[in-house]
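As structure tokens, the structure follows; a few thoughts come after it.
Just so it is clear, none of the values below were taken in a lab; they were calculated from the coordinates. Note that the coordinates shown come from a computational prediction; the quantities given were computed from them, not determined experimentally. With ideal geometry, Cβ positions are generated from the backbone for all residues, glycine too; neighbour counts draw on all protein chains shown.
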Amino acid sequence: MKKVFTLVAVATLSLVACGPSAEEKAAAEKAKQDSIQAYNDAEAAKAAAEQQRIADSTAAAAAEAEAKRVADSTAAAEAEKGGKKK
């Protein structure tokens, strides 16, 4: 029984001694923080792209509405002009 206990104690100590060092823990934490930062940067880029898409869409709609207004105004003026000549 004493030998089994000694064997278990030695195995436990060797497992504890084989754990990650402080440098390895720091490197793992840095990698984790880098990964979080990369994710946050990607999300910020997606949000900026979405805002730009909305702004572009709004500008295109405004330009289309202005073109339609000008076309309608021109058509009305032409119709009025044609009516006065007769």
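In the elastic network of the chain, a GNM with C-alpha springs shorter than 10 Å, the most mobile of Ala48, Ala75, Ala61 is Ala75. Pick from Ala47, Ala67, Ala55: which is most flexible by mean-square fluctuation in a GNM of the chain where alpha carbon atoms under 10 Å apart are linked? In the Gaussian network model the winner is Ala67. Nearest 10 degrees, 0 to 90: what angle lies between the long axis of helix 2-17 and the longest principal axis of the chain (Cα atoms)? That helix lies at roughly 30 degrees to the long axis. Largest GNM mean-square fluctuation among Ala76, Ala42, Ala60, using the chain with Cα springs under 10 Å: Ala76. Any chance you could give the angle, 0 to 90 degrees and rounded to 10, that helix 22-85 forms with the longest Cα principal axis of the chain? Helix 22-85 sits roughly 10 degrees off the main axis of the chain. Computed from point charges on the beta carbon alone (+1 for Lys and Arg, -1 for Asp and Glu), the dipole magnitude for the chain about its Cα centre is near 240 Debye.
Taking the stretch 21-85 as the region of interest, the number of lysine pairs whose Cα atoms are within less than 27 Å, with members eight or more places apart or on different chains, is 5.
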